[in-house]
Structures are given as structure tokens and as C-alpha cells.
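S.K.: Structure incoming, see below.
The values are calculated or read from the model by the stated rules, or taken from the named source; none is laboratory data. Since the structure is predicted, the reported quantities are computational estimates derived from the model, not experimental observations. Counting neighbours? That spans all protein chains shown, and the Cβs are built from the backbone with ideal geometry, glycine included. With ligands, DNA and RNA removed, areas are computed over all heavy atoms of the protein, side chains included. Shrake-Rupley method; radii C 1.70, N 1.55, O 1.52, S 1.80 Å.
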Amino acid sequence: MAEITTPYEPGTPCWVDLMAPDQQAALDFYTGLFGWSGEIGPAEVGGYTVCTLKDRPVAGVMAAQATDDQPAPPTVWTTYFASTDAQATSEAISRNGGTVLLPVMDVMDLGRMMVAADPTGAVFGVWQAGEFPGAGIVNEPGAV
């Protein structure tokens, strides 16, 4: 088992999460499929679930919700790439023809994140580790 306890090297996939209209149904499916554990999180984190495998964080699941005048986003998995400076990465994305979809924001003391699309429209996330480096277990069945 490859356990991760320190930040990932920049550019390395370090986290995945799922946005689904029925968060509980998604949790039921993936916990059954991969042997993950996870419960809908508290309201202060928007119900975000950190799923675990062997007591290590492996993926997130959140409810897709409409905001303001925008419809709920589609059901989608997002892969996050590690960065040591999410703001600088955001600026590099824009300079190179990408589009920032969700600007850099703090996620409590866990880290900083953003979501962008490359010039072809492929969506991805960026994670700058704070107290949370990302997936705590990798390269084994049920993990990234």
C-alpha cells in the first residue's frame, strides 16, 4: 500500500472528487463498489464527503447544486493536480489559453483550490496543499 502523508510533487494528480445530483446514491454506489467508507459531511463544508479506504482519504463526493441563476452542474468526476502556488498556476492557465472556471479559493486550513478548463474544454482542478495533501492512499485497488 502506498500511503501519502506529504504534499504531492507539482503536476501530480493528487485528488479526485465527484459532483452528483444524489450524493447519497453516489456514496452508496462507490462505497459498495470500491469498499470505501464515507458519510455526508457537515453543513459548514456544504455536505462534502471525504471517502476513505483503509482509514485513509481517497476521494470526495459532493451534491451538485444550482447556484444563483445557474443550473446544477452535470454529474462529473474532477481530477486535481498538485501545485505549490495555486494563484501562479491560475495565471499560467490563463496565459496559455485555458479558462479559469472557479477562481482560487481557500478551503479552510486544508489548502487552496481552483477549477479550470484547458483550451480544448477539458476540465481539471488544482490543489495547493495546506494541512491536507490529497489522497492518502494510491496505486492499489479502490484508490487512484
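S.K.: Given a cut-off of under 8 Å on Cα pairs at least six residues apart, what relative contact order in percent is computed for the chain? Walk me through the numbers before you get to the answer.
M.R.: Numbers: 314 pairs, mean separation 43.0, N = 144.
This gives 30 percent for the chain.
S.K.: Something else now. In the stretch 15-105, which GluC sites (Glu not before Pro) fall in coil by DSSP and have 16 or fewer other Cβ atoms within 10 Å?
M.R.: Details: sites: E39, E44, E91; in loops: E39.
Taking the stretch 15-105 and a limit of 16 other Cβ atoms within 10 Å, the loop GluC sites (Glu not before Pro) found are E39.
S.K.: How long are the three semi-axes of the equivalent ellipsoid of the chain, in whole Å, if each is the root of 5 times an eigenvalue of the C-alpha gyration tensor, listed from largest down?
M.R.: Numbers: eigenvalues 110, 78, 37 Å².
Each semi-axis is the square root of five times an eigenvalue, giving 23, 20, 14 Å.
S.K.: With +1 on each Lys and Arg Cβ and -1 on each Asp and Glu Cβ, how big is the dipole of the stretch 78-134 about its Cα centre, in debye rounded to the nearest 20? Don't skip to the end; give the middle numbers.
M.R.: On the way: 2 positive and 6 negative charges, 37 e Å.
That gives the stretch 78-134 a dipole magnitude of about 180 debye.
S.K.: Another one. What is the set of long-range amide H partners of G130 at a cut-off below 5 Å, with H atoms built 1.01 Å from backbone N?
M.R.: Correct list: G111, R112.
S.K.: Which whole-Hz couplings ³J(HN,Hα) result when phi for each residue of the stretch 106-111 is put into the Karplus expression 6.51 cos²θ - 1.76 cosθ + 1.60, θ = phi - 60°, listed in order with x for Gly and Pro?
M.R.: 6, 10, 6, 9, 6, x
S.K.: Please calculate the 1.4 Å probe accessible area of W36, with all protein chains present, and give it to the nearest 10 Å².
M.R.: 20
S.K.: Here is a further query. At 1.4 Å probe radius, can you tell me the per residue accessible area of the chain in Å²? Walk me through the intermediate numbers first.
M.R.: Working: 7980 Å² over 144 residues.
Per-residue accessible area for the chain comes out at 55 Å².
S.K.: How would V138, V123 line up by accessible area, probe 1.4 Å, largest first?
M.R.: On the way: V138 20, V123 80 Å².
The ordering from most to least exposed comes out as V123, V138.
S.K.: While we're looking at this one, here's another question. Could you tell me which of rounded, prolate or oblate describes the stretch 15-74, using a ≥ b ≥ c as the square roots of the eigenvalues of the alpha-carbon gyration tensor, with rounded for a/c under 1.5 and, failing that, prolate when a/b is larger than b/c and oblate otherwise?
M.R.: Working: a/c = 2.38, a/b = 1.84, b/c = 1.30.
The shape class here is prolate.
S.K.: Show that you can apply the helix-only estimate: for the chain, add -39,500 (n - 2.57) for every DSSP H stretch of four or more residues, divide by all residues, and state [θ] at 222 nm to the nearest 500. Please report the intermediate quantities before stating the final value.
M.R.: Numbers: 2 runs with 22 residues, N = 144.
One gets -4500 deg cm²/dmol as the mean residue ellipticity at 222 nm.
S.K.: Let me ask something additional. Report, in debye and to the nearest 20, how large the dipole of the chain comes out about its Cα centre when Lys and Arg carry +1 and Asp and Glu carry -1 on their Cβ. Walk me through the intermediate numbers first.
M.R.: Working: 4 positive and 17 negative charges, 60 e Å.
Roughly 280 debye for the chain.
S.K.: While we're looking at this one, here's another question. Would you mind getting the Kirkwood hydrodynamic radius of the stretch 78-134 from its Cα pairs, rounded to one decimal in Å?
M.R.: Values: mean 1/r = 0.0904 Å⁻¹.
Mean inverse Cα-Cα distance, inverted, gives 11.1 Å.
S.K.: Now for a separate question. In a GNM of the chain with a 10 Å cut-off on Cα contacts, which of T89, T120, T49 has the highest mean-square fluctuation?
M.R.: T120
S.K.: With unit charges on the beta carbon (Lys/Arg positive, Asp/Glu negative), name the residue among Y80, G38, T67 whose Cα is farthest towards the positive pole of the charge dipole of the chain.
M.R.: Toward the positive end, the furthest listed residue is Y80.
S.K.: Output ³J(HN,Hα) for the stretch 41-57: one whole-Hz value per residue in order, computed from phi by the Karplus curve 6.51 cos²θ - 1.76 cosθ + 1.60 with θ = phi - 60°, and x for Gly and Pro.
M.R.: Residue by residue, the stretch 41-57 yields x, x, 4, 5, 10, x, x, 4, 9, 9, 7, 10, 9, 6, 6, 10, x Hz.
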